[in-house]
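Right, one structure below, let's go through it.
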Amino acid sequence: MPERSSDGTDGRRVTYLDYNATSPVDPRVAEEVMRFMVLEFGNSGSRTHVFGQAAKERVQLARTEVAAVLAADPSEVIFTSGATESNNLAILGLAEHGTKVGKTHIISTQIEHKAVLEPLEVLAARGFDVELIAPTAGGWVDPESIRAALRPDTLLVSTMAVNNETGVIQPLDDIADALLDIDALFHVDAAQSFGKVVEPLRNPRIDLIAVSGHKIGAPKGVGALLTRRRGYKRPPLKPLMFGGGQERGLRPGTLPVALIAGLGLASTLALKESDERHARALAVRGNIMDALAPLNPQYNGDIDRTIDTTLNFSVPGIDSEAAIVALKDVAAISNGSACTSQSYEPSHVLTAGGLDEARVAGALRLSWGYEQGYVPIDAVVARLRELVR
């Protein structure tokens, strides 16, 4: 990937290493988006002319492209503005059903993204019993802890697929196995894993999957919610908004055809190029870990369970805020979730994992893309070495 100017004006070049926050739009995807913005600009709900028909056909193709990644039926894909909306719809959309059938117990984890934790807080305020499972020291949730928490009135089990801070892959297949004979719905926040870790999301026991486009080279502002049938029954969701009846009545409003086209193509490219992307990402990861070795980094999260595009680590004696400032003209990195970084607080993910205060305060996250080229990791290490107290 080309290096990018730090502020677009001073000519300094920095390398972008914050893909877990967002990724650049793939040029092939950008071309597709522009085509449906400028040339094929019809409303997919317009049924009386060819412009509307072309838009409708592209939306349906995108539905098929997203479904292919998840081994699902295209009719099970609901387009949204992103994973945050999808998570809200999956969680809050079940409230009416849960209350009606007397199932008001929800199981989730302490390491979820705020897009899951905050909707759960809303349900807790409405009287739902929300139980958050602590992670292991390695940053993953033990499926047996979830099994032990299950009750006859459990409505929903909600876990992420890959943690956005540590990159640790959660054991979805084992959690799904624990739910095989259970009625509870299984929801997965796949913002960091869709198009990257493919097979676990194809498990037919997962009922609801939240998808984000801008993590895989699609534009910001588009995502999807998979509503997988169990037998012939769809998850009993109710809409959060009203007016129009689009997306099977779950998400009203004119569909953003251009953005949906971008998500569709990005999904196809992720699936088609999966092996090549993994190989490139692993090569970058190996180079980074080799260069960091002299600093004796403490990797936060089980390194053997971590996705190949993320490393979260602490170096004794280094504060993360100081490191980010020192590296600002070399590399764009992070110390946590982009959704909470504007007012920095200690990571709830690392704190839940039992890490001490100094290690949490020193945690840095590097995340990269499949097209990543040169990474000035030696320069990064040199700057970090200067900060060691």
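Every residue, every condition in (1) out of contact with any helix residue (DSSP H, G or I) (no Cβ under 6 Å at 6 or more places or on another chain); (2) assigned to a helix (DSSP H, G or I); (3) at pLDDT 90 or above, yes or no:
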position	(1), (2), (3)
P316	yes, no, yes
E321	yes, yes, yes
K328	yes, no, yes
A338	yes, no, no
L366	yes, no, yes
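Inspect region 303-325 for any residue being among the small types (G, A, S), touching a residue at least 12 places away in the same chain (Cβ under 8 Å) and under 27 Å from R28 (Cβ atoms) and give the result as yes or no. For region 303-325, residues among the small types (G, A, S), touching a residue at least 12 places away in the same chain (Cβ under 8 Å) and under 27 Å from R28 (Cβ atoms): absent.
Among the residues of region 83-112, those that are in contact with a Ser or Thr (Cβ under 6 Å, 6 or more places away or on another chain) and farther than 15 Å from L208 by Cβ comprise H105, T109. Evaluated against (1) charged (D, E, K, R); (2) under 20 Å from the mean Cα position of the chain (by Cα); (3) crowded, with 16+ Cβ neighbours inside 10 Å, D304 falls short on exactly one condition, (3). V211 falls short on exactly one of the conditions (1) of a type in the set (A, V, I, L, M, F, W, C); (2) in contact with a Gly (Cβ under 9 Å, 6 or more places away or on another chain); (3) without any contact (Cβ under 8 Å) to a residue 24 or more places away in the chain, and that condition is (3). Looking across region 13-50, just one residue is touching a strand residue (DSSP E or B) at 6+ places or on another chain (Cβ under 8 Å), modelled with pLDDT under 90 and not β-branched (V, I, T), and that is R13. In region 41-99, of all residues being surrounded by fewer than 17 Cβ atoms within 10 Å (Cβ to Cβ) and of a type in the set (D, E), the one that is nearest to P152 (Cα to Cα) corresponds to E96.
Taking the criterion of being crowded, with 22+ Cβ neighbours inside 10 Å and either under 17 Å from I307 (Cα atoms) or in contact with a Pro (Cβ under 8 Å, 6 or more places away or on another chain) (or both), the residues of region 191-208 that qualify are A191, Q192, S193, F194, G195, K196, L201, D207, L208. L225 meets the stated requirement of being aliphatic (A, V, I, L, M), more than 21 Å from S274 (Cβ to Cβ) and either outside the structural domain of D174 (by TED's automatic domain parsing) or within 13 Å of the chain's Cα centre (by Cα) (or both). Just checking, does region 268-278 include any residue being at pLDDT 95 or above, touching a Phe, Trp or Tyr at 6+ places or on another chain (Cβ under 9 Å), in a helix (DSSP H, G or I) and within 30 Å of G93 (Cα to Cα)? Yes, that holds for at least one residue. Pairs linking a residue in region 351-373 that is free of Cβ contacts under 8 Å to residues at least 60 places away in the same chain to a residue that is surrounded by fewer than 20 Cβ atoms within 10 Å (Cβ to Cβ) and of a type outside the set (A, V, I, L, M), with Cβ atoms under 7 Å and 6 or more positions apart or on different chains, are V360/P346; V360/T351; A361/D319; A361/P346; G362/D319.
Here Q53 qualifies as farther than 29 Å from T166 by Cβ and either touching a Phe, Trp or Tyr at 6+ places or on another chain (Cβ under 8 Å) or modelled with pLDDT under 95 (or both). Taking the criterion of being within 17 Å of L208 (Cα to Cα), modelled with pLDDT of 95 or more and either surrounded by fewer than 23 Cβ atoms within 10 Å (Cβ to Cβ) or not small (G, A, S) (or both), would at least one residue in region 134-153 satisfy it? Checking region 134-153: not a single residue is within 17 Å of L208 (Cα to Cα), modelled with pLDDT of 95 or more and either surrounded by fewer than 23 Cβ atoms within 10 Å (Cβ to Cβ) or not small (G, A, S) (or both). The set of residues in region 235-259 that are over 16 Å from K215 (Cβ atoms), touching a residue at least 24 places away in the same chain (Cβ under 8 Å) and either touching a strand residue (DSSP E or B) at 6+ places or on another chain (Cβ under 9 Å) or outside any loop (DSSP other than H, G, I, E, B) (or both) comprises P235, P236, L237, Q246, E247, R248, L250, R251, L255, P256, V257, A258.
Are any residues in region 113-137 part of a helix (DSSP H, G or I) and among the β-branched types (V, I, T), and if so, which ones? Outline the logic, then answer.
Taking region 113-137 as the starting set, the residues that turn out to be part of a helix (DSSP H, G or I) are 114-125.
Selection gives V116, V122.
The values are calculated or read from the model by the stated rules, or taken from the named source; none is laboratory data. Note that this is a predicted model, so its numbers are computed, not measured. All Cβ positions, glycine included, derive from the backbone under ideal geometry; neighbour counts span all protein chains shown.
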